[in-house]
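I have placed the structure first, in the form of structure tokens, so that the comments after it can refer back to it.
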Amino acid sequence: MPRLAEVLVSQGLLSAEQVENCRAAGGALGPVAINSGFATGRQLLELLSLPDTIEDFVPEGLDRDLAQLLPGELAFQLKCLPVFDNGTVLSVAFANEVDDLELERLAGHTGRQIEAFLTDPLLLDTAYPLLYGGAEAEAQGDAAVALVEAPAEAPAAEAAEESAGLESMDFAGAPAVEDEESEEEPGGESAVPELGDLKGAMSEAVGEVAVVEDTAKTSAYGINIEANSAPVVKLVNGILLKALNVRASDIHIEPQERELRVRVRIDGDMHALMRLPRIVSSGISSRLKIMANMDITERRLPLDGRFKVTIGAGAVVEFRVSSLPSAHGEKIVMRVLGGGKLKGDAASLGFTERDLAAVQEAIRSSCGLVLVTGPTGSGKTTTLYTMLKELNTPDRNVLTAEDPIEYNLPGLTQVPVCPAAGFTFEKALRAFLRQDPDVILVGEIRDLETAEIAAKAAMTGHIVLSTLHTNDAPSTVLRLRHMGVAPFLLASSLRMIIAQRLARVMCPSCRVEVKPEELMALGIKAEEAEKIGITFKGRGCEECHGGGSRGRRPIMEVLPVQSARMKQLMLDPSAAAVEALAREEGMRSLRENAMDLAKQGIISVQEALRVGVG
């Protein structure tokens with residue numbers, strides 16, 4: 001029996017049977033004993049202070065080579081300690097709750113999968129000097145001694161206060177959890193996550209989030225909502241705050257078989273935010289549906305809603321909510337909205353000088369169809385609304401038809417279409433033409449009828465803005481022709497086509513140089529790599545959560561349809577002919593504009609190649 005196990009048994013702290021149970025659970029003996037409730041961190045710390053035990057004590061599985069894998073500076077910063085490494089998975093003990101973004105950072109730094117568990121901070125502080133040594137570790141050890149000398153009642157009181165709000169719900173780890181929730185996986189690990197993220201999310205949200213015009217007291221049918229108890233409210237607030245703190249554009253609440261997974265989309269990519277016990281899934285779903293004024297009794301059909309919250313000193317953030325029935329409960333997706341995403345004017349969108357002049361000429365004209373194209377999530381609506389802000393003047397009647405309404409702008413009439421009720425974009429457009437409009441925004445052109453009405457409206461003295469799903473600007477003309485739009489309508493109505501992508505902006509805090517020879521590994525030819533020269537890429541740091549980017553900006557491909565030659569070509573278009581003439585008239589492709597930004601050090605070459613692909 002190893003030394004620590006012998007001491008634990010000889011001092012009567014653990015029985016031989018409890019030691020074997022800890023062994024079966026896997027991991028370091030000390031933390032497993034604490035997590036299993038066999039001993040407290042204070043008891044182990046006092047045990048290690050006995051003569052002849054502390055000087056040569058190294059917690060089981062704690063190899064001094066781990067200090068090379070996880071440097072002390074990072075370990076102290078995250079208040080964690082590596083305890084076991086099998087070459088693939090690194091077990092790490094944490095003194096405090098940790099979210100999945102921090103775990104991703106550790107995984108990226110160590111090149112290992114991270115297995116995280118909570119342990120007593122006192123035990124952790126004692127182990128720092130043993131693994132790392134040095135002045136910083138000694139300071140950690142002094143802190144541990146100070147904690148030991150503090151009154152024993154203080155930690156217990158703090159723990160009681162921290163857990164007070166949890167007693168009204170059956171969270172994982174509480175006595176009231178059903179057997180189904182506490183079953184173990186075949187590997188011996190609990191199928192239900194720890195409460196660390198749960199408590200952290202709840203505690204950090206207190207008093208910081210308030211629902212604007214909250215209707216969460218009862219449902220629309222007068223049913224008392226049990227999910228509106230304080231713990232669930234704080235938990236939902238914590239999720240919203242964590243997501244906003246990492247600049248998330250979407251929040252996904254995803255019930256799984258044995259847990260509730262929360263993920264967020266940051267700069268276009270999905271990241272894990274936290275894992276929660278599955279038992280809280282229905283409570284979170286009900287709370288969000290109440291906030292969004294959705295029917296909480298309907299769990300069989302998809303629903304939509306929206307709500308606003310105030311954050312901190314009064315900043316208002318709006319969320320669009322969508323629920324979807326799934327095998328393990330309702331999946332909730334929230335899109336973060338708000339006018340803060342809108343730019344001041346077209347000049348702030350990042351157009352080149354030539355493109356900006358063409359765009360301003362198009363939107364200041366008396367009529368014409370302006371299309372913004374690109375895949376879902378490429379910022380088309382934001383670009384259109386930025387243009388709409390310039391057009392929204394007191395002397396114009398501005399109408400919009402959207403599904404759903406993304407931004408609320410004062411001074412214009414916004415109409416939500418509802419295809420399920422028969423109110424389509426086509427019907428909205430027909431109604432708009434009887435409302436004496438000057439400017440019309442159509443959320444999306446989806447069919448021939450909508451395209452024809454939009455084109456005819458653009459011919460008869462109206463500015464019409466809309467979106468379409470195409471890869472680039474020249475192919476948009478063929479897309480409209482394939483939909484069945486007559487060539488003379490295209491030639492007479494089209495004013496401008498803008499193809500758009502969103503590129504991740506490089507994090508300024510961690511960017512590093514990339515030499516031309518490194519670019520050839522990305523498939524760039526040697527001559528082009530030499531012409532590009534030295535560029536940069538994001539290495540990943542705490543400020544960008546290890547991703548190497550912070551924020552996104554649009555990349556545009558602007559095709560004016562104003563010259564006599566281009567309008568003549570619209571009568572019998574082909575993508576190759578349109579592109580050739582557009583280039584002759586000065587159009588630069590998505591790839592060319594993206595590579596210019598890479599040369600300026602704004603985005604990486606990898607990102608330029610990604611967004612520059614049609």
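The values are calculated or read from the model by the stated rules, or taken from the named source; none is laboratory data. These figures come from a predicted structure and were not determined experimentally. Cβ: placed from backbone, ideal geometry, glycine included. Neighbour counts: every protein chain shown. Just so you know, the surface numbers come from the protein's heavy atoms only, side chains and all, with ligands and any DNA or RNA stripped out. Shrake-Rupley method; radii C 1.70, N 1.55, O 1.52, S 1.80 Å.
To one decimal place, what orientation-averaged projected area in nm² is obtained for the convex hull of the Cα set of the stretch 366-415?
Over all viewing directions, the stretch 366-415 projects a mean Cα-hull area of 3.9 nm².
Taking the convex hull of the Cα atoms, report for the stretch 287-408 its projected area averaged over all directions, in nm².
Taking the Cα atoms of the stretch 287-408, their convex hull projects to 10.7 nm² on average.
Quick one: if you stick a label point 7 Å off each Cα along the C-beta vector at Glu20 and His328, how many nm between them?
Distance between label points: 3.4 nm.
Would you kindly give the portion of the calculated P(r) for the stretch 394-509 that falls above 18 Å, as a percent of all Cα pairs?
Value for the stretch 394-509 (Cα pairs over 18 Å): 54 percent.
Figure the gain on full extension for Met520 and Glu585 (residue separation times 0.36 nm, minus the Cα-Cα span) and round it to one decimal in nm.
20.3 nm
Give Lys234/Lys331; Lys289/Lys427; Lys380/Lys515 a once-over and call out the pairs whose C-alpha atoms are over 22 Å from each other.
Cα-Cα > 22 Å for Lys289/Lys427; Lys380/Lys515; rest within.
Return an integer: the convex hull volume of the alpha-carbon atoms of the stretch 336-450, in Å³ per residue.
Spelled out: Cα convex hull of the stretch 336-450, divided by residues, is 126 Å³.
How much of the accessible area of the stretch 461-614, probe 1.4 Å, is carbon plus sulfur, in whole percent?
Looking at the stretch 461-614 in its full context, I get 49 percent from C and S.
Compute the FRET efficiency between Lys531 and Asn397 as 1/(1 + (r/R0)^6), taking r as their Cβ-Cβ distance and R0 = 35 Å, and round to the nearest 0.05.
It comes to 0.10.
How large, in percent, is the carbon and sulfur part of the accessible surface of the stretch 229-366 at a probe radius of 1.4 Å?
Roughly 49 percent of what the probe reaches on the stretch 229-366 is carbon or sulfur.
Spin-label point model (7 Å from Cα, Cβ direction): what's the Glu298 to Arg434 distance in nm?
2.8 nm
Quick one: accessible surface of Asp436, probe radius 1.4 Å, all protein chains present, in square angstrom to the nearest 10.
120 Å²
With only alpha-carbon pairs counted, each pair once and no self-pairs, how large is the Kirkwood hydrodynamic radius of the stretch 503-568 in angstroms?
14.5 Å is the Kirkwood radius here.
How large is the Kirkwood hydrodynamic radius of the stretch 448-560, in angstrom, based on all distinct alpha carbon pairs?
When all Cα pairs of the stretch 448-560 are included, the Kirkwood radius is 17.5 Å.
With every protein chain present, what accessible area does His109 have (1.4 Å probe, heavy atoms only), rounded to the nearest 10 Å²?
Counting only protein heavy atoms, the figure is 100 Å².
Quick one: work out Rg over Rh on the C-alpha atoms of the stretch 487-614, Rh as Kirkwood radius.
1.11
At 1.4 Å probe radius, can you tell me the per residue accessible area of the stretch 436-549 in Å²?
Accessible surface, normalised per residue, equals 43 Å².
For the stretch 240-357, what does the accessible surface come to per residue with a 1.4 Å probe? Please give it in Å².
Counting only protein heavy atoms, the per-residue value for the stretch 240-357 is 41 Å².
Counting only protein chains, not ligands or nucleic acids, how are Ser249, Ser10 ordered by accessible area (probe 1.4 Å), most first?
From most accessible down to least: Ser10, Ser249.
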